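Beneath this line is the structure, given in structure tokens, with notes to follow.
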Amino acid sequence: MNQKYAVPALDRAHAVMALLAEEPYVWKLSDLSRRLEISKSTLFSLLSTLERLRWIDRDRNETYALGSVMGDFGGAYFRQYDLIDQ
């Protein structure tokens, strides 16, 4: 794909989501910042937005996991296909 039209914020969000999918409720803001090499201030804004959209959840230990909207998206994805026919 052509990187000319890439949106860096979406690339960063994808990296966060992929990591949280692999290891839910393990990563805190500072850990994610170091691992993904994203500044804490940028990452804080990104995580806050993802949390507001319910794409991620944060627990009382300040760790993150995928949010409930991801289940909605997954269900919508599979409803596009007739799995019996395939």
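Among 61-68, 2-9, how do they line up from the highest to the lowest mean number of other beta-carbon atoms within 10 Å? Working shown, then result.
On the way: 61-68: 16.1, 2-9: 7.6.
Output ranking for 61-68, 2-9: 61-68, 2-9.
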Response to the item:
Of the candidate values (i) 14.6; (ii) 14.1; (iii) 14.9, the one computed for Kirkwood radius over Cα pairs in Å from this structure is (ii)
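Mind ordering 11-23, 70-82 by average Cβ neighbours within 10 Å, highest first?
Working: 11-23: 14.8, 70-82: 9.9.
Ranking, from highest mean packing down: 11-23, 70-82.
Tally Lys/Arg at +1 and Asp/Glu at -1 over every other residue whose Cβ is under 12 Å from the Cβ of residue 72; what's the total?
Working: positive: 54, 79; negative: none.
Result for the local shell: +2.
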Worksheet item: Helices from the chain with mean Kyte-Doolittle at least -0.5 and a Cα length along the axis of 27 Å or more, per DSSP H: which?
Response: none
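Once neighbouring chains are kept in place and the probe is 1.4 Å, which whole percent of the accessible area of the chain is contributed by carbon and sulfur?
Details: 3490 of 6420 Å².
With neighbouring chains kept in place, the figure for the chain is 54 percent.
Please compute the per residue accessible area over segment 32-71 with all protein chains in place, 1.4 Å probe, rounded to a whole number of Å². It would help to have the intermediate numbers written out before the result.
Numbers: 2570 Å² over 40 residues.
Normalised by residue count, the accessible surface of segment 32-71 is 64 Å².
Before rounding to the nearest 500, sum -39500 (n - 2.57) across all DSSP H runs of length at least 4 in the chain and divide by the residue total; then give [θ] at 222 nm in deg cm²/dmol. The partial results should precede the final answer.
On the way: 4 runs with 48 residues, N = 86.
Using -39500 (n - 2.57) per qualifying helix, the result is -17500 deg cm²/dmol.
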Worksheet item: Once label points are set 7 Å from the Cα along Cα→Cβ at both residue 49 and residue 29, what is their separation, rounded to one decimal in nm?
Response: 1.6 nm
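The values are calculated or read from the model by the stated rules, or taken from the named source; none is laboratory data. Being a predicted model, the structure only gives us computed values, none of them experimental. Every residue, glycine among them, receives a Cβ derived from its backbone with ideal geometry; neighbour counts consider all protein chains shown. Only protein heavy atoms, including side chains, enter the accessible area calculation; ligands, DNA and RNA are left aside. Shrake-Rupley method; radii C 1.70, N 1.55, O 1.52, S 1.80 Å.
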